[in-house]
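Each remark here refers to the structure printed beneath this line.
The values are calculated or read from the model by the stated rules, or taken from the named source; none is laboratory data. Predicted, not measured: the structure shown is a model, and the values here were computed from it. No Cβ is skipped: glycine too gets one built from the backbone with ideal geometry, and neighbour counts run over all protein chains shown.
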Amino acid sequence: MNQYFKKQIIIALVWIIVLAIIVFVIYSIFSGTKKETCFDGIQNQTETGIDCGGPCKECEQIEAIKILNQAFIPTVDNNYDLVAQIKNPNIYLGGEILNYEFDLYDNNDQLIGTKTGNTYILPQETKYIVEPRIFSEKIVSKMEFKIQNVSWKKLSAISNLEIRTKNIAYQKFDTNSKFVGFVENKTSYDLGTIEVVGILFDVNNKIIAVSKTLMNTVLMNETRGFEMNWPYQIPSEVKSFDARAYTNIFLDENFIKTQDNSSSVE
């Protein structure tokens with residue numbers, strides 16, 4: 001082999017080595033800096049994290065909504081009040097739309113009625129879902145509450161969003177009962193709608209009566225009274241009671257006037 005061919009072989013080998021080094025360096029750079037992303041903002045498919053614009057500790061798996069309690073309560077004229085207590089354990093994710101259903105069964109475990117609806121739930125919120133005055137021609141012997149699906153949304157920091165219930169009292173009369181109290185809007189916003197739920201418990205902490213009411217246009221720092229009525233005698237003795245107030249922060253129109261920009265929904 002003459003010197004010319006030896007020289008050409010050496011040059012070719014040098015180029016092969018150089019190209020191999022370049023390919024290796026490029027592969028190392030891209031494989032070592034792969035970013036965890038999730039284009040819908042939620043880790044719910046094959047993604048390894050949420051690209052939430054912050055450190056990795058802010059990214060999270062979705063934890064399912066927990067059902068803490070549920071009950072059906074016979075009232076009058078073949079009507080039933082239905083209630084479920086749920087909790088969202090997620091820190092950053094809220095349920096913008098939560099679809100649910102109450103399934104009613106007779107004593108033969110036959111489905112005799114279904115009540116569907118939707119609500120919302122904030123991160124780490126515990127709330128009651130109440131469906132009052134549900135009519136059934138047949139006697140209800142069992143109820144099952146189900147969450148059908150949840151449309152998740154990541155919320156940024158929420159401040160000054162405090163709605164209090166205070167001075168609540170249960171009043172029993174000869175032919176009816178009443179639950180009264182006050183709601184205090186301690187947020188920095190005028191709110192379009194606040195939902196108030198009232199729950200009565202017996203000595204065993206079992207739910208024995210529920211009701212709900214709506215307040216419209218509740219101004220910042222306003223305190224307003226509410227009243228819920230049961231036009232019949234509660235069959236069991238009431239030992240304790242609770243009132244919860246909720247407002248939907250996912251709806252922009254619910255904020256009539258914003259006093260500051262310390263809260264946002266992304």
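Taking segment 201-262 as the region of interest, the strands (runs of 3 or more DSSP E) fully inside it that hold 2 or more residues being at pLDDT below 95 and surrounded by 11 or more Cβ atoms within 10 Å (Cβ to Cβ) are 255-258.
Considering I112, I62, the condition of being farther than 21 Å from T213 by Cα, at pLDDT below 95 and in contact with a strand residue (DSSP E or B) (Cβ under 7 Å, 6 or more places away or on another chain) is satisfied by I62 alone. Is segment 89-99 home to any residue that is assigned by TED's automatic domain parsing to the domain that holds V150, of a type in the set (A, V, I, L, M) and closer than 22 Å to A209 by Cα? No, every residue in segment 89-99 fails to be assigned by TED's automatic domain parsing to the domain that holds V150, of a type in the set (A, V, I, L, M) and closer than 22 Å to A209 by Cα. For the residues N149, N167, the requirement of being in contact (Cβ under 8 Å) with a residue 12 or more places away in the chain and over 30 Å from L93 (Cα atoms) singles out N167.
The single condition among (1) more than 22 Å from the chain's Cα centre (by Cα); (2) under 26 Å from N79 (Cβ atoms) that G225 does not satisfy is (2).
Within the set L122, L111, the sole residue that is among the aliphatic types (A, V, I, L, M), over 12 Å from I147 (Cβ atoms) and touching a residue at least 12 places away in the same chain (Cβ under 8 Å) turns out to be L122. Restricting to segment 178-200, what's the tally of residues that are in contact with a Leu (Cβ under 9 Å, 6 or more places away or on another chain), in contact (Cβ under 8 Å) with a residue 60 or more places away in the chain, over 12 Å from S240 (Cα atoms) and in a strand (DSSP E or B)? Number satisfying all stated conditions: 5.
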